[in-house]
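Read the structure below first, then the notes.
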Amino acid sequence: MKHLIFLVTVFSVFVSHSSYAQITGNKPINLNNADEISYLTPKDYVIGGITVSGAQYLDQEVLITISKLVVGQYIEVPSETTANVVKNLMSQNLFEDVQLYATSIKDETIFLEIRVVERPRLTRIDINGLNKSQTEEVRKRLNTGTGKIVNENLIQTTKATIQKFLREKSFLYPDITITAEKDTSQTNNEILVVNVERNKKIKVRKVTFTGNEEFSKRQLNKYLKGVKPRKFYRVFGPGKFKEDKYLEAKENLIAKMQDKGFRDAEIIRDSVWRFDDNEVAIDIDLYEGPKYYIGNIEWSGNSKYRDSILNIILGIKKGDVFSEEKLTTKLQGPTRNGDDIAALYQNDGYLTYSVQPIIKKIYQDTIDLEIQMYEGKQYTINNVILKGNDVTNDRVVLRSIYTKPGQKYSREAIVRSVREISTLGMFDEQKVTPMPINLDHENGTTDVEFTVAEKPSDQVELSGGYGAGQIIGTLGLTFNNFSTSNFFNKEAWKPLPRGDGQKLSIRGQTSGKRYQSYSFSFSEPWLGGKKPIYFGLSAYTSNSSTNGFDYYTGQQVVADSELSRIWMTGVTGTLGKRLQWPDNYFQVNSSLSFQRYKLQNYGNYFLFSNGTAYNINFTQEISRNSIDAPIYPTSGSHIKFSVQLTPPYSLWNNLDYDTAPQEEKYKWTEYHKWKFDSQWYTKVAGKLVLKTQAQFGYIGNYTSRTPTSTFERFKLGGDGMQGFDFLQGSEIIAMRGYANGYVIPQTTGSNQQIYAVQSGSPIYAKYQIELRHPVMLNEQATVFVLAFAEAGNTWEKFGDVNPFKVRRAAGVGARIFLPIFGMLGIDYGHAFDPIPGIPSSTWKQNFTFSILQNMGGF
């Protein structure tokens with residue numbers, strides 16, 4: 001036994017001496033290499049120093065910190081601590097290799113060196129197989145710059161980002177390969193080369209439902225909105241499969257099922273699997289659950305209104321199908337007609353009203369409800385605050401809104417106030433934000449703050465056109481926020497005084513000496529500043545001359561040496577008032593107008609060649625405008641009815657109209673004119689808006705002694721713009737697809753067709769439907785596209801009127817509203833019904849351009 005103990009002792013001393021000799025040699029020792037050190041005889045040392053070699057981009061002090069080695073620290077060599085140095089650094093995924101060396105040992109002190117080999121850095125990523133815009137979008141998403149570590153994580157992230165981008169574009173199964181190539185221009189840098197094969201876009205072949213008993217496959221496909229499987233009747237094919245749309249569709253499917261009373265409905269399992277190279281099939285396994293019905297409804301917390309009143313407004317009774325969506329909408333609103341419980345309270349000052357429906361009991365297929373209410377206090381408005389109106393005066397906005405200090409808070413009045421601010425035209429309709437602030441719960445008062453954003457409202461019209469054989473230029477300026485009160489204030493001219501909400505318009509049109517036209521208009525919506533009394537004043541003067549050549553007929557109607565001239569002058573004054581009955585959307589306007597028409601050598605252009613005609617008329621108009629926005633309405637209506645009357649001169653002038661010269665017969669224009677126009681706007685789905693419109697017009701005479709007036713007639717067809725026209729008294733009605741004024745009565749004889757085009761018709765009707773969808777809605781521009789169908793016709797007398805026998809047209813178009821230029825439009829229309837006796841090249845007009853107006857609008 002003694003001999004055995006002796007041999008072990010000698011062996012231990014030998015091994016210890018051998019290890020020490022290895023470590024204290026001149027050559028650095030790799031502390032992680034079992035071939036260079038012995039793990040049988042570890043020894044404790046104090047770390048005397050730590051160095052890092054091989055680090056090109058990384059901070060050495062940071063690497064030492066990550067290694068968890070500290071100068072002055074006692075460390076056992078070799079041990080788990082020395083092994084963890086490599087583990088800690090390699091876990092950062094920054095290095096190809098890490099080694100720990102002992103460079104020297106002095107007595108009990110050891111000096112360590114950490115040797116690292118960094119991973120290559122990224123120079124750039126080259127992407128092949130995508131177009132330019134797709135490549136740019138992918139690069140933005142990758143956000144990968146020069147200098148990143150090239151590792152497996154970078155490669156997988158790049159691949160996943162490109163896959164996600166392509167899946168959004170319906171490329172569900174792309175082939176993506178990524179290789180790293182050494183960058184010869186830089187040390188230890190690499191270039192990632194990504195080769196993308198997008199393959200085909202994926203469509204939906206079929207959707208299979210299982211577990212459905214109460215709902216048919218057709219219903220479920222309808223509820224799965226946004227996912228359209230292939231069907232033979234879909235002319236343009238099924239839509240592309242997109243994952244985000246599919247997720248929304250599943251949520252909509254369950255919401256619709258729950259809305260039908262199946263509140264436990266859920267998707268148990270669904271899968272999207274590849275059907276072939278460019279199609280997927282979808283399997284959805286449903287759990288419908290039982291259909292639930294409303295049981296007893298109890299109210300608690302209500303003191304203002306009795307249960308019976310609340311039940312009537314709720315509109316949900318025992319035995320109805322349980323619909324959580326309908327219940328929530330009727331309790332919290334807002335509903336389209338404002339007939340919800342929240343409106344009942346919030347329109348009566350209960351600003352802090354809240355409600356919570358509680359399921360009290362479920363038995364079999366019936367649900368008993370308890371509706372817990374908190375009515376709170378009635379709040380009155382203390383102050384109305386306006387923010388963001390840098391140009392427009394406070395009073396211009398505050399006088400138009402329906403929330404006044406001292407009144408009870410009303411949600412309805414807030415909504416109406418937002419509409420009125422939007423219709424002023426000086427602010428971005430999308431950024432009018434009302435907010436109750438400074439609630440005083442003790443006294444029951446609140447301030448209402450309206451935040452607005454000014455937008456440029458002044459407009460300039462600069463255009464050129466061709467008509468009646470000459471080029472015509474137009475320059476128009478419209479100032480929609482003019483201020484007469486600051487007219488003599490020099491500091492307010494920037495470049496004109498602004499801020500009072502008045503409108504000033506100046507327009508000139510000329511082709512040189514042959515044609516000049518100038519117009520002026522001014523309007524004040526609040527005459528005197530205290531009541532909504534509208535005042536308008538407008539005037540125009542124009543003259544045109546020709547060399548006797550009729551560009552409509554191609555004939556010389558007077559001698560070359562004689563000029564044919566017409567001078568037109570007119571002035572109109574208007575007073576209007578907003579009504580409170582039947583409701584405060586009504587407006588009544590009264591206008592008095594004077595026009596003079598002076599003709600010289602007018603030949604076949606008109607009923608007489610030389611002389612002067614006068615038109616003195618009074619117009620009474622009543623309208624109702626409840627549209628929610630002036631530029632892109634989405635709801636409401638605009639209805640207008642007007643009657644225009646001239647004095648019945650034939651009752652007292654003792655003129656024999658059968659024998660009197662034409663210039664005497666038409667000297668004093670005599671007629672009565674009736675017009676009706678209605679527009680309706682309805683949201684169809686999402687932002688898609690349907691506009692419907694019906695227009696009618698009639699001009700007649702008082703007695704059979706006088707013929708129907710040749711002034712103030714209706715010209716149907718074209719763009720509806722008041723451009724160059726021989727008789728400015730004619731009213732131009734837009735109808736796309738047809739040329740200007742060419743929708744003439746079918747009873748017109750061939751020898752009267754050109755005259756009918758020139759002077760217009762006494763009766764017209766027009767109908768329109770238009771689908772609109774916005775492309776952009778902001779203060780810089782409003783852009784929307786549209787598809788339309790129009791029908792209309794004109795007649796010479798009531799006996800010929802048939803409102804269903806019309807000329808038809810359809811087409812597409814676009815509108816862009818720029819604050820400085822107003823509404824610009826382009827349409828392509830196709831006319832279906834020809835004009836007998838006139839070549840199609842004459843009466844057709846496929847492309848229609850418009851400026852400073854909304855086609856077919858008021």
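Quick look at the numbers
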read-out: Among the candidates THR403, THR352, residue that is under 24 Å from THR446 (Cβ atoms), touching a residue at least 12 places away in the same chain (Cβ under 8 Å), in a loop (DSSP other than H, G, I, E, B) and not assigned by TED's automatic domain parsing to the domain that holds MET435; value: THR352
read-out: Residue in segment 314-335 that is touching a residue at least 40 places away in the same chain (Cβ under 8 Å) and more than 21 Å from LYS256 (Cα to Cα) present; value: no
read-out: Residue within segment 632-651 that is touching a residue at least 60 places away in the same chain (Cβ under 8 Å), under 24 Å from GLY536 (Cβ atoms), of a type in the set (D, E, K, R) and part of a strand (DSSP E or B) present; value: yes
read-out: Tally of residues being in contact (Cβ under 8 Å) with a residue 40 or more places away in the chain and under 30 Å from TYR287 (Cβ atoms) across segment 186-219; value: 14
read-out: Selected residue (only one of ARG167, ARG234, ARG269 is out of contact with any Ser or Thr (no Cβ under 6 Å at 6 or more places or on another chain), at pLDDT below 90 and exposed (fewer than 15 other Cβ atoms within 10 Å of the Cβ)); value: ARG234
read-out: Failed item, numbered, when ASN311 is tested on (1) at pLDDT 90 or above; (2) within 39 Å of the chain's Cα centre (by Cα); (3) under 30 Å from LYS250 (Cα atoms); value: (3)
read-out: Out of ILE826, ILE820, ILE851, sole residue that is free of Cβ contacts under 8 Å to residues at least 40 places away in the same chain and within 32 Å of the chain's Cα centre (by Cα); value: ILE826
read-out: Test: residue in segment 367-374 that is in contact with a helix residue (DSSP H, G or I) (Cβ under 6 Å, 6 or more places away or on another chain) and either free of Cβ contacts under 8 Å to residues at least 40 places away in the same chain or of a type outside the set (Asp, Glu) (or both); value: no
read-out: Pick from segment 34-70, criterion of a type in the set (A, V, I, L, M) and not in a loop (DSSP other than H, G, I, E, B), ranking: surrounded by the most Cβ atoms within 10 Å (Cβ to Cβ); value: LEU63
read-out: The listed residue being in the same structural domain as SER542 (by TED's automatic domain parsing) and either modelled with pLDDT of 90 or more or on the phi > 0 side of the Ramachandran plot (or both), out of GLN509, GLN502; value: GLN502
read-out: In segment 407-430, the residues that are surrounded by fewer than 19 Cβ atoms within 10 Å (Cβ to Cβ) and either touching a His at 6+ places or on another chain (Cβ under 9 Å) or modelled with pLDDT under 90 (or both); value: THR423, GLY425, GLN430
read-out: Options THR157, THR208, THR177, THR187; residue that is out of contact with any Ser or Thr (no Cβ under 7 Å at 6 or more places or on another chain), under 30 Å from LEU253 (Cβ atoms), surrounded by fewer than 17 Cβ atoms within 10 Å (Cβ to Cβ) and polar (S, T, N, Q); value: THR208
read-out: Only listed residue being surrounded by 18 or more Cβ atoms within 10 Å (Cβ to Cβ) and not in a loop (DSSP other than H, G, I, E, B), chosen from GLN620, GLN587, GLN595; value: GLN595
read-out: Some residue of segment 367-376 being among the polar types (S, T, N, Q) and surrounded by fewer than 16 Cβ atoms within 10 Å (Cβ to Cβ); value: yes
read-out: Leading residue by the ranking (surrounded by the fewest Cβ atoms within 10 Å (Cβ to Cβ)) among those in segment 801-851 that are of a type in the set (Gly, Ala, Ser) and in a helix (DSSP H, G or I); value: SER841
read-out: Qualifying residue in segment 115-124 (condition: of a type in the set (S, T, N, Q) and modelled with pLDDT under 85); value: yes
read-out: Sole exception among (1) buried (at least 17 other Cβ atoms within 10 Å of the Cβ); (2) modelled with pLDDT of 90 or more; (3) not charged (D, E, K, R) for TYR702, by number; value: (1)
read-out: LYS691 within 24 Å of PHE798 (Cα to Cα), of a type outside the set (Gly, Ala, Ser) and outside any loop (DSSP other than H, G, I, E, B); value: no
read-out: Among the candidates GLU96, GLU61, residue that is under 26 Å from PRO120 (Cα atoms), touching a strand residue (DSSP E or B) at 6+ places or on another chain (Cβ under 8 Å) and without any contact (Cβ under 8 Å) to a residue 24 or more places away in the chain; value: GLU96
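The values are calculated or read from the model by the stated rules, or taken from the named source; none is laboratory data. Computed from a predicted model, the values in this text were never measured in an experiment. With ideal geometry, Cβ positions are generated from the backbone for all residues, glycine too; neighbour counts draw on all protein chains shown.
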